[in-house]
Amino acid sequence: MDMKVIHGIQVVIKGKISEEELAIYLKQIQSKQTRKIIKADITASDEYIDVNYTFEYVPFERIRRITGYLVGTTARWNNATQGELNDRMIHGVGCKKCI
């Protein structure tokens, strides 16, 4: 097992593969993806090349429906919309305000 960093990608190699062939595989795979590949595990044998790769982390923002709006955060809301948020009645099972 051999470890290298090629074009910013951490590569773990099992088997024999030339640097040139490895660079071609990584370039081809990256060209078909929209996210950056950060790690690749490559298994090379006489019959096949098996490549498994890991993408960079993409942060995910939770989206909620608040007073009819789909939002991730209310930080950019104007005063009128903030007022709607403050005036809304929360409905739920066991809610003491709702009884």
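Rule-based calculations on the coordinates, nothing more; no lab input. Since we're looking at a predicted model, the values are computed, not measured. Cβ coordinates were reconstructed from backbone atoms using ideal geometry, including for glycine residues, and neighbour counts include every protein chain displayed.
Computed about its Cα centre, the charge dipole of the chain is approximately 900 debye, with only Lys, Arg, Asp and Glu carrying charge at their Cβ.
Could you pull out every one of the aspartates and glutamates with an alpha carbon less than 20 Å from that of Lys16, ignoring same-chain neighbours closer than 8 positions? Reachable aspartates and glutamates: Asp2, Asp41, Asp46, Glu47, Asp50. Can you tell me the 0 to 90 degree angle between the C-alpha axis of helix 19-31 and the longest principal axis of the chain, rounded to 10? So the helix axis and the longest Cα principal axis differ by about 30 degrees. Taking the alpha carbon gyration tensor of the chain, multiplying each eigenvalue by 5 and rooting it gives semi-axes of 53, 16, 10 Å, largest first. The aspartates and glutamates whose alpha-carbon is closer than 13 Å to the alpha-carbon of Lys39, local same-chain residues fewer than 8 away aside, are Glu56. Projecting the Cα atoms of Val12, Tyr69, Ala80 onto the charge dipole of the chain (Cβ charges, centred on the Cα centre) puts Ala80 farthest toward the positive pole. Comparing Cα centroids, region 58-86 and region 1-36 end up 42 angstrom apart.
Met1 sits among other residues whose Cβ lies under 12 Å from its own Cβ, and their net charge, with Lys and Arg +1 and Asp and Glu -1, is +1.
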